Amino acid sequence: MPKIFAVLCFCLALVAQSTAAQPWPEHVTDPDKAVSDWRYNDPVFFWRLISAPDNPYEPPEWFYWPDAVIEGDLKPFVPQADARDRTISDAALEDMASWAQARNSNVLIVVHRGKIQIERYWNGTEPDDLLNGRAITRSVTPMVLGFALEQGALALDDPIGKYLTEWKTDLRGQITVRQLAQHVSGLEVAVPIGVEQIENNKDLCLAYCGDVVKAALDYDYVTASGTKFEVAQENMQLLSIVIERATGVPIEQFVSRHIWKPMGAGNATFQRDRPGGTARTMCCMRATARDWTRLGILVANEGKWGDEQVVPAEWLATMATPSARNPNFGLGLWLGSPFNPLRTYFEDQPGVIPQSEPFLADDVRIMEGGGFRVVYSVPSLDLVIFRHGPTSDGWDSAYLVNTVMRDLAK
């Protein structure tokens, strides 16, 4: 027995010597902290990490598990225009379809005066497919914010520390609800880091971790609130948490009750951070092409679906009021005027959305996701255009909208 014990001690000493001699990766600054960090004990996070699809921007359906279902009440969509009541010429519609197809689009839908002018699908996409809207998602939470305000559950200028009690005595708790929704929170825009580094990779955790509340609360306060426009990913996640805590209703149920069912949409989904957990709302809600278009119709019709006022017109007017730090952004909606040839997501940084000319109407409203998946609404013309697809060379944000406008002006 003593001999066996001696051999065991010798082996352990060798292991300890080997471990001590091996340097830690340079980005692991504190090994003890790294190993004890909750992220390293998060099975959902590591499942997503090792199962990450080749293209994280277009993941397969199974990768969205588990779903937070936004229950719908599917009703007929707007009618198809026939040859007698088509308001946009065949030539203009075919021009738009050819342009969209050449830019690897999956879907193009154009609705004018309450009727479908064109509805095209490519690349194997089907009408019933749930399509990842990416950052179009960030217009949904601000839209339902209006109902929380209407109920008196919160106010735009409330400090978020009133609801995020983790920040009650923290400087971050002084950020207002309005500042979150207008992307002037002052919270950090995390430096992009590859998935091979886990420690301090905040955006990776926000997208993959099994506790999205903890992940969102991990961002630091770096700029005085209200002084700089930056589309920080955590803003919309924190806004939905504020709404949930203020109303006592999970965000997916709030969206279902106030928007999705009233406008006759089918089921849609957020991704839940873990089974029984919280909906991830800063990105990647999935809905059918027609249901994304329904959202645009609500905006174009000042909140109405048919004769029913779904979203208060006053709230949509607030969403479309230019914010102090960015004239092209209101509160959850991008604004087409004034003209900006390269619209930016980050103040004082180069723009990322190319546009060749001004829109030919001053009231273009835009719900926009990465890869130029976009819903255009033009209230003055009762016009809605939905395009879904990946990023493509030769994109021009003005093309589809202005092609219709020029045709209508003939």
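Under the convention that each Lys and Arg Cβ holds +1 and each Asp and Glu Cβ holds -1, the size of the dipole of the chain around its Cα centre is about 340 debye. Taking packing as the residue-averaged number of other Cβ atoms within 10 angstrom, the listed peptides 250-259, 43-52, 190-199 run from highest to lowest as 250-259, 43-52, 190-199. Here region 207-270 exposes an accessible surface that is 44 percent carbon and sulfur, computed with a 1.4 Å probe and the other protein chains kept in place. Per residue, region 64-159 exposes an accessible area of 44 Å² to a 1.4 Å probe, with every protein chain left in place.
Across the alpha-carbon set of region 200-249, the Rg to Rh ratio works out to 0.99, Rh being the Kirkwood radius. For region 63-167, count all C-alpha to C-alpha pairs, find those more than 16 Å apart, and express that count as a whole percent of the total. That fraction is 75 percent.
To the nearest ten degrees, helix 2-21 and the longest principal axis of the Cα atoms of the chain are 50 degrees apart. When the residues Thr227, Thr403 are ordered by accessible surface, computed with a 1.4 Å probe over the protein chains alone, the sequence from largest down reads Thr227, Thr403.
If I compute solvent accessible area with a 1.4 Å probe over the protein chains, what percent of it on region 90-191 is carbon and sulfur? Heavy-atom surface of region 90-191 belonging to carbon and sulfur, 1.4 Å probe: 44 percent. Could you list, in their original order, any pairs among Lys168/Lys304; Lys33/Lys168; Lys202/Lys304; Lys162/Lys261; Lys33/Lys214; Lys115/Lys410 whose Cα atoms are separated by more than 27 Å? Flagged as over cut-off: Lys168/Lys304; Lys202/Lys304; Lys162/Lys261.
For the chain, the share of alpha carbon pairs falling in successive 10 Å distance bins from zero is 4, 21, 30, 24, 11, 5, 3, 2, 1, 0 percent. Among the protein heavy atoms of region 276-410, carbon and sulfur supply 53% of the accessible surface, probe 1.4 Å, non-protein parts ignored.
Per-residue accessible area for Tyr399 at 1.4 Å probe radius, Å² rounded to 10? Estimated to the nearest 10 Å², Tyr399 gives 60 Å².
About the Cα centre of region 198-352, what is the dipole size in debye to 20, counting +1 per Lys and Arg Cβ and -1 per Asp and Glu Cβ, all else neutral?
So the dipole magnitude of region 198-352 works out to roughly 380 debye.
Considering region 278-410 at the alpha-carbon level, its Rg and Dmax are found to be 14.7, 51 Å. Extending 7 Å from the Cα toward the beta-carbon at both Phe46 and Val231 defines two label points whose distance is 3.5 nm.
I'd like the orientation of helix 140-150 relative to the chain: the angle between its Cα long axis and the longest Cα principal axis, in ° from 0 to 90, rounded to 10. Its long axis makes an angle of about 80 degrees. The Stokes-Einstein estimate for region 127-181, based on a Kirkwood radius over Cα pairs and taken at 20 °C with 1.002 mPa s viscosity, is a diffusion coefficient of 167 µm²/s. Relative contact order, percent, of the chain when contacts are C-alpha pairs under 8 Å separated by at least 6 residues? Reported as a whole number, the value is 21 percent.
Normalise the Debye intensity by I(0) for region 219-275, one equal point scatterer per Cα, no solvent, then take log10 at q = 0.12 Å⁻¹ and round to two decimals. Cα-only, vacuum Debye calculation for region 219-275: -0.42. At the residue level, Trp99 shows approximately 30 square angstrom of accessible surface with a 1.4 angstrom probe and all protein chains present.
The values are calculated or read from the model by the stated rules, or taken from the named source; none is laboratory data. All figures in this text were calculated on a predicted structure; none of them were measured in a lab. Virtual Cβ from ideal backbone geometry, glycine too; neighbours counted across all protein chains shown. Note: accessible area is taken over every heavy atom of the protein model, side chains too, but ligands, DNA and RNA are not part of it. Shrake-Rupley method; radii C 1.70, N 1.55, O 1.52, S 1.80 Å.
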